[in-house]
Amino acid sequence: MAGMKMLTELMGELEHQLGVCMRCGMCQAVCPLFSETGLEADVARGKLALLDGLLQEMFNDPKGVYERLSRCLLCGSCAANCPSGVSVMEIFIKARAILTGFMGLSPAKKLILRGMLSHPEIFDRIAAWGSKFQKIFTRPANELIGTSCARFVSPLIGNRHFTPLAKTPFHRRIPSLNTNRGGSGIKVAFYVGCLLDKSFPHIAQDVVDVLRHHGVGIFMPKGQGCCGMPAISSGDTVTFNRLVRHNLEIFDAEKFDYLVTSCATCTSTIKEIWPMMADKNSGYVKSRVAAIAQKTLDINQFLVSKVGLEKPEAGDGANPVDVTYHDPCHLKKSLGVSAEPRSLINANPAYRLIEMPESDRCCGLGGSFNLEYYDLSTRIGNVKADHIRASGCSMSCHRMSGLCAPNFRYAVQVRRENTDQTSHRNIRRVVEKFGLTRIFPKERPGDFPLDKDKISTDSILLTTGINLG
Ligand code: SF4
Ligand code: SF4
């Protein structure tokens, strides 16, 4: 059981926050889960009502309360649209921490979170092993969008498509960096994040290349750990605090002007959840978390607001490609970043942005929600895929998020299998041609000449180009 002091403090904070909900039910209209199930227990109002009696229920049926709470994508749609400003995400995260603190972690989660995730070196070794042997258990599902699926029948994986582990993770390509401020006069710390490091190292590489291109100095310390989101969303404050401390020790906020990340989930975790949940009783943690959170920016935000956009050259806009854009929940609803990625797209005369219906509707992944409630996750993802198709665009892009990217690809893939196969041939061509250099911000004297043809769709704007036919 977690420390009674911590549990009591969290319970006190919860009690205060729960009183704000007016039970108006406005959250029903925006909850992607409720729109699939129609169950009051699935929407924020139902969960908050349940938590109102948490103290009593925790002793009666803690497992039942936890299970009902875990039926949630943590997408933040309810919080972003609540007229009373209820801190729904904060309440859910604290409630999970209280319940896990009371019940303890399941053996499987203990093994994954405390045995692997909380030790970056062990995590790296296990991922390296997984990368080497993954072909025994998985096989390519779609070569063009680079997804895999299970080779044998697997109850855990089912018929999911997922992005395999990269052969060489980013930390093996570039273990660390500490370059001088270039022409921009800015120095950033680059927090890579687990998914970019282990599954999308080319995106991390492109971020480094673009920062260098614009004369931005980069501090990238060795041995970066997970941001802690998988741990805290399971209520594991022990692993979460260990990871926060680990990262605080290697990222000294005095060494850089901004900390940039290219994963929406990592950004919102560092900026919002670290200050909310990291060990408040330690002055060291509190002050360093505050300093880092204040300097943390999403890469789109950084490029648009700190480096600056260049006006497109006239005459470059003949036959622009129509693209549509998906807002990841953690970027728009948690951090309010939605204009900057659009500014980047709009600044490129080669592309025309067409909005899809409900561009900020959740993709349905929700981290472990996808593992526990696979059918629901798929149904929610299918709605997203239909919205993308409804945009009529030949290409879709989404700001990379650790949580939504895999489900997004999967949903589109499943929809495609049920519709038209002819567009497959074009995907790679589209991806390779989606040169984003011209939607880059204003050039500054950097030390790295970019080869425009080598910048892929999964880069800078951190988009995934998918030809939807
Ligand atoms: S969480 Fe907000 S929107 Fe939902 S019932 Fe409570 S006050 Fe209304
Ligand atoms: S976070 Fe998302 S899934 Fe969870 S209750 Fe709120 S709107 Fe529904």
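The values are calculated or read from the model by the stated rules, or taken from the named source; none is laboratory data. The shown structure was predicted, so the numbers you read here are calculated from the model rather than taken from an experiment. Here the Cβ positions follow ideal geometry from the backbone for every residue, glycine too, while neighbour counts run over all protein chains shown.
Out of the residues in the range 70-89 that are in a helix (DSSP H, G or I) and surrounded by 19 or more Cβ atoms within 10 Å (Cβ to Cβ), which is farthest from ligand 1 (Cβ to nearest atom)? So, considering only residues that are in a helix (DSSP H, G or I) and surrounded by 19 or more Cβ atoms within 10 Å (Cβ to Cβ), the one farthest from ligand 1 (Cβ to nearest atom) is Ser70.
Does Phe92 satisfy the criteria of being aromatic (Phe, Trp, Tyr), within 13 Å of ligand 1 (Cβ to nearest atom), part of a helix (DSSP H, G or I) and out of contact with any strand residue (DSSP E or B) (no Cβ under 9 Å at 6 or more places or on another chain)? Yes, satisfied.
For the range 25-50, the set of residues classified as away from ligand 1 (no atom under 11 Å from the Cβ) and either of a type in the set (Ser, Thr, Tyr) or crowded, with 20+ Cβ neighbours inside 10 Å (or both) consists of Pro32, Leu33, Ser35, Thr37, Asp42, listed by residue number. The set of residues in the range 247-266 that are within 23 Å of Ser199 (Cβ to Cβ), touching a helix residue (DSSP H, G or I) at 6+ places or on another chain (Cβ under 7 Å) and in a helix (DSSP H, G or I) comprises Ala264, Thr265. Filtering Thr239, Thr296, Thr269, Thr324 for residues that are modelled with pLDDT of 95 or more, β-branched (Val, Ile, Thr) and over 17 Å from the mean Cα position of the chain (by Cα) leaves a single hit, Thr239.
Every residue, every condition in (1) in contact with a helix residue (DSSP H, G or I) (Cβ under 9 Å, 6 or more places away or on another chain); (2) within 16 Å of ligand 2 (Cβ to nearest atom); (3) charged (D, E, K, R); (4) outside the structural domain of Ser334 (by TED's automatic domain parsing), yes or no:
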{"site": "Met26", "(1), (2), (3), (4)": "yes, yes, no, yes"}
{"site": "Ala44", "(1), (2), (3), (4)": "yes, yes, no, yes"}
{"site": "Lys47", "(1), (2), (3), (4)": "yes, yes, yes, yes"}
{"site": "Leu69", "(1), (2), (3), (4)": "yes, yes, no, yes"}
{"site": "Leu73", "(1), (2), (3), (4)": "yes, yes, no, yes"}
{"site": "Glu90", "(1), (2), (3), (4)": "yes, yes, yes, yes"}
{"site": "Arg96", "(1), (2), (3), (4)": "yes, yes, yes, yes"}
{"site": "Thr100", "(1), (2), (3), (4)": "yes, no, no, yes"}
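In the range 338-358, the residues that are over 10 Å from Val323 (Cβ atoms) form Cβ pairs under 7 Å with partners that are of a type in the set (Lys, Arg) and at pLDDT 85 or above, at six or more places apart or across chains, as follows: Ser338/Lys332. Within the range 116-145, being at pLDDT below 70 and loosely packed, with under 15 Cβ neighbours inside 10 Å holds for one residue alone: Glu143.
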